[in-house]
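Worksheet: the structure to be examined is printed underneath.
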Amino acid sequence: MTRGDLLAVAVAAILVGMLYARYWQPSVVADSFEVRSGGELIGRYSLAGNQLLPVNGRIGETLLEVRDGRVRFRSAPCRNQVCVHSGWLAHGGDVAACLPNRVSIRLIGDSRNALDGLSY
Amino acid sequence: MASATEPMLSREDRLIAGYAALAIVIHVLEAGFPSPVPGVKPGLANAVTLIVLLRHGWRMALWVAGLRVLAGSLLIGSFLAPGFWLSLAGATASIAALGLGWIWNHYQRGLPMSALGLSVIAALSHMAGQFAVAYGVFVPHPGLLHLLPPLMTAALVFGVVTGAVANGILRRLQRLSMAPDGPILGP
């Protein structure tokens, strides 16, 4: 192994490390979420506070529940209940949808709320 | 004299054919092994490209790599299928990187790379080229980008392994060329 090899491996390792830093950032905590029904944007709601949010879809009423900065599908009129089994969502970019009822939610995380840095 | 039935083959042509055949066999054998993650395989066939590069130069290495991708895909049955384009993009990127490495070795004397360093830059370029086509053409989904770091890590590890293998073979070839029987595949 020559010094040139060492240089190549070191540069490659740094590059790979940078890729991890760039693409494996911890996900950002969401502060609000968008609700869509039948493709139409119904509204944007805050994740602060606790509330139950009924949404009318194609085949019935879907009930969304917001609690402790998280949101979930509490009940849905569909057969498979995929949306309900998605569970609690809390991170920006998370999505859950009920296809039969055409209701979907998307969490919005703002990087302004993320930490600027950490030191130990 | 060259005739229609027996074209004139230079010594270089025969060497290219021999090396390419070797690379194709490794390529096909490797394709037979199941891989835990799509896109990750050791890439030992590239050891042949490296050996050709270091013993015979960049032009012959280009021929051997090109023939391997073409004939290898014909044998596996992936010619013109998505996997072929990934393979071609990877091979193009890695042979370009090897060309740059070759220039680096020739125009500065302080830090020459052996097959190991060349193998690492070739492996990373191969993965990057492959990923660029996968992301840009086949699956332009941002989620795919999360795969990039582990894929590149695998490329780095396998690049080191392939380079070490190539270095070992090169040392042995060196000894063979110096044996009294004379060179078999000498430069």
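The values are calculated or read from the model by the stated rules, or taken from the named source; none is laboratory data. These figures come from a predicted structure and were not determined experimentally. Because the Cβ atoms are built from the backbone with ideal geometry, glycine has one as well, and the counts that use them run over all protein chains shown.
What the table below lists for this structure:
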{"read-out": "Tally of residues being within 9 Å of another protein chain (Cβ to nearest Cβ) and either of a type in the set (A, V, I, L, M) or in a loop (DSSP other than H, G, I, E, B) (or both) across the stretch A:22-39", "value": "1"}
{"read-out": "Which listed residue is more than 19 Å from the chain's Cα centre (by Cα) and either within 14 Å of another protein chain (Cβ to nearest Cβ) or aromatic (F, W, Y) (or both), from A:A76, A:A10", "value": "A:A10"}
{"read-out": "Residues of the stretch B:97-118 that turn out to be assigned to a helix (DSSP H, G or I) and either more than 9 Å from chain A (Cβ to nearest Cβ) or on the phi > 0 side of the Ramachandran plot (or both), as a count", "value": "8"}
{"read-out": "Qualifying residue in the stretch B:123-139 (condition: outside any helix (DSSP H, G or I) and loosely packed, with under 13 Cβ neighbours inside 10 Å)", "value": "yes"}
{"read-out": "Qualifying residue in the stretch A:28-38 (condition: over 29 Å from B:L148 (Cα atoms) and exposed (fewer than 15 other Cβ atoms within 10 Å of the Cβ))", "value": "yes"}
{"read-out": "Single match in B:L74, B:L80, B:L86 (criterion: assigned to a loop (DSSP other than H, G, I, E, B) and without any contact (Cβ under 8 Å) to a residue 60 or more places away in the chain)", "value": "B:L80"}
{"read-out": "Residue within the stretch B:72-93 that is at pLDDT below 90 and touching a Ser or Thr at 6+ places or on another chain (Cβ under 6 Å) present", "value": "yes"}
{"read-out": "Residue count, the stretch B:119-134 (criterion: more than 14 Å from every other protein chain (Cβ to nearest Cβ) and at pLDDT 90 or above)", "value": "3"}
